[in-house]
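Novice: Questions regarding the structure given below will be posed in turn.
The values are calculated or read from the model by the stated rules, or taken from the named source; none is laboratory data. Quick caveat, the model's predicted, so the values are computed rather than measured. Don't worry about glycine lacking a Cβ; one is built from the backbone with ideal geometry, like all the others, and counts go over all protein chains shown.
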Amino acid sequence: NPIETPDIDAAKCDEVTSGIRDYPNAVRPRLCRPPKTGKAIKNYELPKDGAVRMRWAAHDNSDEKTYKENVEKYKLGIHLMRELDKTNPKHPHSFSQQAKIHCAYCNGGYTQVGFPEKILQIHNSWLFFPFHRWYLYFYERIIGKLIGDDTFALPYWNWDNPPGMTIPEIFIPEKDDSADFKNKNPIFDKYRDASHLPQVVNLFFNPSSQPKGSEQDRKRQISCNLGMVYRDLISNATDWEGFCGGKYAAGDGEPVGLQGSVEGNSHTAVHVWVGDPTQPNGEDMANFYSAGYDPLFYVHHANVDRMWKLWKDLKKDYPGHEEPTDKDWLDASYLFYDENEELVRVYNKDCVNLEDLKYDYAKEDTPWLKSRP
Ligand code: C2O
């Protein structure tokens, strides 16, 4: 049977139980259960109309005017989420409530319905892509609602393309740190590895392989990265199991070693590379419990989600590029608050086609296609 939507009122996210879920000196809150609202759960209905939200590469300012507008809207949205934290932190659209979603689904906040001794874990298996797709889907629509723009689209961190391989500049703090939010950067997060800010990202898990400094090192890192993306989308991704991850169904123990290619390689490498190793638990990005507190998380995951689309688009040449058809995958479901504060249940099967979800990704170069290692 498929993994079911959790019983959120029974969440145990304030109880630190086993070793891996115990984070001494955590710099972020450990209580991640969503607030009780007494709302009934509805099955989510896909939008029937509305414009397609076009997610944009966070570094690409070639169309200066549109880029500026997009960045302003995005920053305003995050600013308003942070403001909600001050006025109404239990509001499901607040910055911290959105961040806590990740903690709850990933750090043992929920157990599986019917299996109280089994943790619900949406990482390390075939739930990884669909869960994060839905998470970003609502996050994007919530920002659109907050800023009053139903065409709002998230940026994506285009780390598979050389001009996008550093942390996008918009995330770097502006020099003027005055009280006016426009001069403060709402998408800056202080818990990042500062030494990595100007560098080319390292899509390999091992942080000690990070080359330093010279132009030659930079070039070498770029070509290694392209090779990694090729592996993640092509060589190691010939079927759903390789790409999406292994089967995980109701009653199963926490998945171990079942990650798909992207999840296990480039995706995790970026998390660890961004997190601050001087924080007690790699906050924010290098730990499930805290990752959602860095706005870069959602922008990184937009690119991860884009990898799913690009993998699927390669189907004409690679016929194995198809999602699972097993009912236990199709009918797995999660709970989110939508942009209207309704508590909705969503299914994997409904998130397979971006046309149904009314968003898409603006095109950028994909040089990794020609970078077979
Ligand atoms: Cu839920 Cu990038 O992890």
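Novice: Taking segment 254-285 on its own, how many of its residues are more than 10 Å from the ligand (Cβ to nearest atom), touching a His at 6+ places or on another chain (Cβ under 9 Å) and either without any contact (Cβ under 8 Å) to a residue 12 or more places away in the chain or of a type in the set (A, V, I, L, M, F, W, C) (or both)?
Specialist: Selection size over segment 254-285: 3.
Novice: Identify the single condition in (1) in contact with a Cys (Cβ under 8 Å, 6 or more places away or on another chain); (2) part of a loop (DSSP other than H, G, I, E, B); (3) modelled with pLDDT of 90 or more that Lys100 does not satisfy, given that it satisfies every other one.
Specialist: (2)
Novice: If you don't mind, another one. Restricting attention to segment 66-85, does a residue exist that is more than 30 Å from Pro198 (Cβ to Cβ) and assigned to a helix (DSSP H, G or I)? I'd like the intermediate steps shown before the answer.
Specialist: Let us first name the residues in segment 66-85 that are more than 30 Å from Pro198 (Cβ to Cβ), namely 83-84.
In the following step, the residues that additionally are assigned to a helix (DSSP H, G or I) were identified as 83-84.
Among the residues of segment 66-85, at least one is more than 30 Å from Pro198 (Cβ to Cβ) and assigned to a helix (DSSP H, G or I), which makes the answer yes.
Novice: Does at least one position in segment 323-337 carry a residue that is among the hydrophobic types (A, V, I, L, M, F, W, C), away from the ligand (no atom under 11 Å from the Cβ), touching a residue at least 60 places away in the same chain (Cβ under 8 Å) and under 24 Å from Met81 (Cα atoms)? Break it down stepwise before answering.
Specialist: Step one: filter segment 323-337 for residues among the hydrophobic types (A, V, I, L, M, F, W, C), giving 329-330, 332, 335-336.
If we keep only those that are away from the ligand (no atom under 11 Å from the Cβ) too, we end up with 329-330, 332, 335-336.
From what's left, touching a residue at least 60 places away in the same chain (Cβ under 8 Å): 329-330, 332, 335-336.
Narrowing the set further to residues that are under 24 Å from Met81 (Cα atoms) leaves 335-336.
Yes, segment 323-337 contains at least one residue that is among the hydrophobic types (A, V, I, L, M, F, W, C), away from the ligand (no atom under 11 Å from the Cβ), touching a residue at least 60 places away in the same chain (Cβ under 8 Å) and under 24 Å from Met81 (Cα atoms).
Novice: Another question, then. Out of Phe95, Phe128, I need the residue that is crowded, with 22+ Cβ neighbours inside 10 Å, away from the ligand (no atom under 16 Å from the Cβ) and within 15 Å of the chain's Cα centre (by Cα). Which one?
Specialist: Working: Phe128 fails: away from the ligand (no atom under 16 Å from the Cβ).
Every option except Phe95 fails the conditions.
Novice: For segment 148-164, indicate whether the set of residues that are within 13 Å of the ligand (Cβ to nearest atom), among the aromatic types (Phe, Trp, Tyr) and assigned to a helix (DSSP H, G or I) is non-empty.
Specialist: Taking every residue of segment 148-164 in turn, none turns out to be within 13 Å of the ligand (Cβ to nearest atom), among the aromatic types (Phe, Trp, Tyr) and assigned to a helix (DSSP H, G or I).
Novice: Taking the options Leu296, Leu335, name whichever one is buried (at least 19 other Cβ atoms within 10 Å of the Cβ) and in contact with a Ser or Thr (Cβ under 6 Å, 6 or more places away or on another chain). Step through it out loud before you land on a result.
Specialist: Working: Leu296 fails: in contact with a Ser or Thr (Cβ under 6 Å, 6 or more places away or on another chain).
So the residue among Leu296, Leu335 that is buried (at least 19 other Cβ atoms within 10 Å of the Cβ) and in contact with a Ser or Thr (Cβ under 6 Å, 6 or more places away or on another chain) is Leu335.
Novice: Out of segment 295-304, which residues are under 17 Å from Arg28 (Cβ atoms) and within 11 Å of the ligand (Cβ to nearest atom)? Can you show your working first?
Specialist: Looking only at segment 295-304, we keep the residues that are under 17 Å from Arg28 (Cβ atoms), and these are 295-298.
Hits for segment 295-304 are Leu296, Phe297, Tyr298.
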